[in-house]
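Data first, discussion second: the structure below is written as structure tokens.
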Amino acid sequence: MKWFLFLISMLLMLFSFVAAQDLTYGTVVAEVNGQEITVGEFFMELNRLTPEVRSGIIEDPNGKTEVLNLIIRKKLLTAEAKKLKVDTLNAVKIEIYRYAQEVYAQYLLDITGRNAAKCTEEEAKQFYDNNDTLFKIPNTYHLMQIILPKESEAKDVIKKLKSGKLDWDEAIKNYPGITGMASGDAGWAAENRLVPEYKDKIISIKTGDIDGPFKIGEGYFVIKMIEKEKARDLTFEETKDRIIQVIGQQRARKAVEELKSKLWMQSKHTIDNAVLQKIPLNP
């Protein structure tokens, strides 16, 4: 059922692409034994694949042919199954019915969520104005790190770096880190996210300078300060899109849960607990 979960978003994302190529989802791309295969079917098959496989297909020059071959093989197998009247078997009918229920339910929830996931710019601005504390960025620091297993090694590296006998980039290559922790760019860290016992010392490092070693976990860290950014308030323009997205997601989840609750409360259902308790969980 994975393909259905992504179908709507996939169609929206690819619509402009298809239009730009002078195609429609009904455009026939191939035929097999008289059955047409459309561009729409191609995209649906592509989206059924896992993200990893899909990425490989996209990067492969022959990827489009592979996807088309998958569709052709499925059509051939389906036709053969019908010749053998597999579609008349009760087990198959039950599975198709079960699958159809999942598709119907998911489609309803998806549409309900998308219809509710609306947030105007005015609503986003009101949220921004009423929740100003959420949009404050503390002092942040862009750090790079070299991680070594021994304190003596870390001190030796610092000495070589400061004396110019070792280049920073070369040091990262020579000392890639330890298990579970890699040397390199540590990204931006907010002041309140720094290791408490070293926070004051780290934030005092001047831009471009190095310091350490700092014992964190099983490693000894050599820290280089790349850049500092003072605390500030995010502007509405910086946060607008994210606010609209978050409010939309919240409204979608609420609408879905309300629909489930409404249908449950309005339904007339009974449960035979005597039978329920007899059902084995490991048949």
Task: In order through the stretch 149-154: 3J(HN,Hα) via Karplus (6.51 cos²θ - 1.76 cosθ + 1.60), integer Hz, x for Gly, Pro - done: x, 10, 5, 4, 5, 4
Open item on the list: Would you work out the Kirkwood radius for the chain? I mean one over the mean of 1/r across all pairs of different Cα atoms, in Å.
Closed with: 25.8 Å
TODO: Starting from the Cα of K118, draw a straight line to each of the lysines and keep only those under 16 Å, dropping any in the same chain fewer than 8 residues away.
DONE: K240, K254
Task: Entries in K206/K230; K173/K224; K125/K260; K199/K224 that, when Cα-Cα distance is taken, lie over 20 Å - done: K125/K260
Open item on the list: Mean-square fluctuation check for the chain, GNM, Cα pairs under 10 Å: which of A252, A231, A117 is largest?
Closed with: A231
Task: Whole-Hz ³J(HN,Hα) from phi, Karplus 6.51 cos²θ - 1.76 cosθ + 1.60, for the stretch 108-115, glycine and proline x - done: 4, 5, 5, 5, 4, x, 5, 5
Open item on the list: Restricting to DSSP H runs of at least four residues, report the calculated mean residue ellipticity at 222 nm for the chain, -39500 (n - 2.57) per run over all residues, nearest 500 deg cm²/dmol.
Closed with: -18000 deg cm²/dmol
- [ ] Treat each spin label as a single point 7 Å out from the Cα along the C-beta direction, and report the M181 to K230 distance in nm.
- [x] 3.2 nm
- [ ] For L70 and S204, calculate 0.36 nm times their separation in residues minus their Cα-Cα distance, and state this gained length in nm to one decimal.
- [x] 42.3 nm
Open item on the list: List the residues, sorted by chain then number, that are 5 or more residues from N139 or on another chain and whose placed amide H is less than 5 Å from its amide H.
Closed with: E191, A231
TODO: Could you run the Karplus curve 6.51 cos²θ - 1.76 cosθ + 1.60 with θ = phi - 60° over the stretch 41-56 and give me ³J(HN,Hα) per residue in whole Hz, x for Gly and Pro?
DONE: 4, 4, 5, 5, 5, 4, 6, 6, 6, 5, x, 5, 5, 4, 4, x
Task: Equivalent-ellipsoid semi-axes of the stretch 139-230, from the Cα gyration tensor, Å, largest first - done: 20, 15, 12
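All of the numbers you see were taken from the coordinates with simple rules; none came from a lab. Quantities reported herein were computed from a predicted structural model and do not represent experimental measurements. All Cβ positions, even for glycine, are placed from backbone atoms using ideal geometry, and neighbour counts span all protein chains on display.
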